[in-house]
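Values quoted throughout were computed directly from the atomic coordinates according to the rules given, and no laboratory measurement underlies them. Only a predicted model underlies this, so the values are computations on that prediction, with no experimental measurement involved. As a convention, Cβ positions derive from the backbone with ideal geometry for all residues, glycine included, and neighbour counts pool all protein chains shown.
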Amino acid sequence: MSGAELDFDLVVLGGGSGGLAAAFRAAGHGARVALLEPGDLGGTCVNAGCVPKKAMWLAAQIAGRIEMAAQLGFEVGAPKLDWPEFITHRQRYIAGIHASYRRRLDAAGIVTVASRGRLVDASTIECEDGVRLRAAHVLVATGGRPQRPSIEGAGLGLVSDDFFHFNAAPARVAVVGGGYIGVELAGLLRLLGSEVEMFVRGPRLLGSFDRELVERLQENYRQSGITLHLDHDVGSLARGEGDRVRVDGGGEGFDAVLLATGRVPNTDGLGLEAAGVDTDDTGHVRVDARQDTSADGVHAVGDVTGRVALTPVAIAAARRLMDRLFGGVADARLDYDDIATVLFSHPPLGTVGLTAERAREIHGDDVHEYRADFRDMLHALADMPQRSLFKLVCTGAQRRVVGIHLLGEGADEILQGFAVALKKGIILDDLRDTVAIHPTSAEEVVLMN
Ligand SMILES: Cc1cc2nc3c(=O)[nH]c(=O)nc-3n(C[C@H](O)[C@H](O)[C@H](O)COP(=O)(O)OP(=O)(O)OC[C@H]3O[C@@H](n4cnc5c(N)ncnc54)[C@H](O)[C@@H]3O)c2cc1C
């Protein structure tokens with residue numbers, strides 16, 4: 001079939017972070033684009049991930065600040081959130097994002113279809129009503145969903161998607177899992193008034209993050225009243241008294257058990273086999289460095305590929321792919337190294353580059369760590385125990401900065417600029433030659449010895 005006979009240049013499966021970015025970028029290059037999305041525009045990030053999570057995190061930060069204000073002499077009562085009212089604000093904000101996407105899709109002339117899609121072959125997509133679309137390129141950007149562990153009674157637990165339907169803080173919550181979603185939900189629920197216990201299979205939270213920072217975060221969580229059950233492999237959930245759910249080995253029952261035990265890719269019924277698209281052992285779509293799958297003309301980005309599962313990563317990969325396919329940039333591809341990320345814990349934890357452990361695996365003994373261990377000014381003023389810990393990991397005689405790890409208030413906003421510097425290959429003296437901004441927490445990064 002010749003190009004002119006095809007219905008579209010690109011059909012995108014999934015209107016989440018990656019799919020939308022791809023559709024907009026391709027249309028910007030003049031491609032004829034169709035986008036299939038059976039749910040709300042924006043996918044996980046906008047509807048059940050980054051955005052509503054950050055809104056709840058901000059509410060929790062405010063609760064923490066109200067407690068601090070009381071400590072500092074302000075006349076305020078104990079923080080008490082009217083959840084339905086806050087959720088109205090949160091959902092209004094999200095509705096604004098939906099409306100903005102809708103406007104932009106229309107303006108770009110992108111055909112949107114409110115349907116799931118299935119690959120019939122590498123260039124044919126079938127919608128739920130049987131309509132078939134043909135395209136020179138197909139992008140699989142179908143994301144993922146929460147996975148329940150295969151334990152007895154798993155159905156009694158809730159997953160992160162359910163959390164976004166809460167309209168009050170449950171009195172007693174168990175969080176199963178010590179990954180970033182579990183840590184974030186536990187932290188914010190505690191500040192919003194829940195009693196929280198975390199059940200973590202391994203000896204610590206957040207396996208891949210800097211060990212010292214994680215230990216400090218664990219200390220902060222314990223100080224805030226969160227009970228950590230480490231090395232605790234939950235074997236079953238069972239009904240307790242009333243509506244409560246019991247976790248084996250977890251004492252009395254909980255009003256909610258949140259299972260933050262990983263995510264699986266949305267590949268069921270996608271027709272990948274029919275189109276000749278390979279998946280790996282965990283069901284993720286296999287892609288090469290250019291986001292190409294094993295089938296000609298079929299590409300994939302975002303969580304469905306099992307690479308770094310973050311919104312800006314899905315977006316960046318999608319844009320570069322579209323620049324290559326339709327924008328004439330033959331070598332466009334995403335560099336997956338040194339991607340900065342922030343964990344919205346309390347306080348937040350930001351990280352970019354190598355941990356010291358990983359740096360030693362690569363560079364041997366020629367790895368040097370620098371740290372700043374301090375109380376930020378507000379916590380010091382309020383005489384509250386929370387301490388920040390910032391770390392640099394450097395290598396070689398020149399002390400090239402290969403890792404920046406920040407735990408403390410403001411880390412979420414501080415890291416981005418330093419991530420640019422790390423990516424540009426700075427050395428320790430570049431930081432030391434930079435005059436500090438005083439008094440801030442950020443200045444600790446340029447003052448480290
Ligand atoms: C609780 C939580 C918090 C998070 N917080 C952050 C954060 O703070 N920062 C960050 O960067 N990332 C965060 N993430 C991760 C981020 O949400 C994902 O990395 C991002 O959404 C991935 O984008 P995507 O385009 O790959 O998939 P998604 O955004 O999941 O979009 C996939 C879309 O495909 C659709 N779809 C599925 N099957 C089909 C089909 N057959 N046909 C057509 N469409 C289909 C789905 O309905 C969905 O809308 C968080 C995730 C969770 C769960």
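One compactness figure for the chain is 1.05, namely its Cα radius of gyration divided by 2.2 N^0.38 Å. Return the whole-Å distance between the Cα centroid of the range 183-247 and the Cα centroid of the range 397-449. Cα centroid to Cα centroid, the span is 30 Å. Largest GNM mean-square fluctuation among Pro265, Pro203, Pro170, using the chain with Cα springs under 10 Å: Pro203. Near Gly253, once Lys and Arg are set to +1 and Asp and Glu to -1 for all other residues with Cβ below 10 Å from its Cβ, the sum equals 0. Return the single residue from Gly42, Gly77, Gly202 with maximal mean-square fluctuation; model: Gaussian network over the chain, springs between Cα atoms under 10 Å. Comparing Gly42, Gly77, Gly202 in the GNM, the peak value goes to Gly77.
Helical content of the chain, expressed as a calculated mean residue ellipticity at 222 nm, amounts to -10000 deg cm²/dmol (DSSP H runs of 4 or more residues, -39,500 (n - 2.57) each, divided by residue number, nearest 500).
The DSSP beta bridges internal to the chain are antiparallel in roughly 60% of cases. If the segment from Tyr93 to Asp248 were pulled out straight at 0.36 nm per residue, it would be longer than the present Cα-Cα gap by 51.9 nm.
When the Gaussian network model of the chain links Cα atoms closer than 10 Å, the mean-square fluctuations of Ala300, Ala274, Ala317 top out at Ala274. Which residues does the label zone of Leu381 cover in the range 194-226, counting backbone N under 18 Å from a point 7 Å along Cα→Cβ? So the set is empty, nothing qualifies.
Return the FRET efficiency for the residue pair Glu85, Asp161: r is the Cβ-Cβ distance, R0 is 22 Å, and the value is rounded to the nearest 0.05. The pair Glu85/Asp161 has a calculated efficiency of 0.50.
The range 60-128 and the range 32-51 have Cα centres spaced 11 Å apart. Placing pseudo-labels 7 Å out from each Cα toward the beta carbon at Asp233 and Arg145 gives an inter-label distance of 2.8 nm.
Per-residue 3J(HN,Hα) values for the range 163-170, derived from phi via the Karplus relation 6.51 cos²θ - 1.76 cosθ + 1.60 with θ = phi - 60°, read 3, 6, 9, 4, 10, 6, 7, x Hz in sequence order (x marks Gly and Pro). Each residue, Ala421 and Ser294, gets one label point 7 Å from its Cα in the Cβ direction; the gap between the two is 4.6 nm.
In sequence order, the range 279-287 has phi-based couplings of 10, 8, 4, 9, x, 6, 6, 6, 10 Hz under the Karplus curve 6.51 cos²θ - 1.76 cosθ + 1.60, θ = phi - 60°, and Gly or Pro positions carry x. Taken one residue at a time, the phi angles of the range 133-150 give Karplus couplings (6.51, -1.76, 1.60, θ = phi - 60°) of 10, 10, 8, 5, 10, 10, 10, 8, 9, 8, x, x, 8, x, 10, 8, x, 8 Hz. Gly and Pro are set to x. At a Cβ-Cβ separation cutoff of 4.7 angstrom, cysteine residues of the chain with no neighbouring cysteine are Cys127, Cys394. Here r is the Cβ-Cβ distance between Ala168 and Ala436 and R0 is 35 Å; the resulting FRET efficiency, rounded to 0.05, is 0.20.
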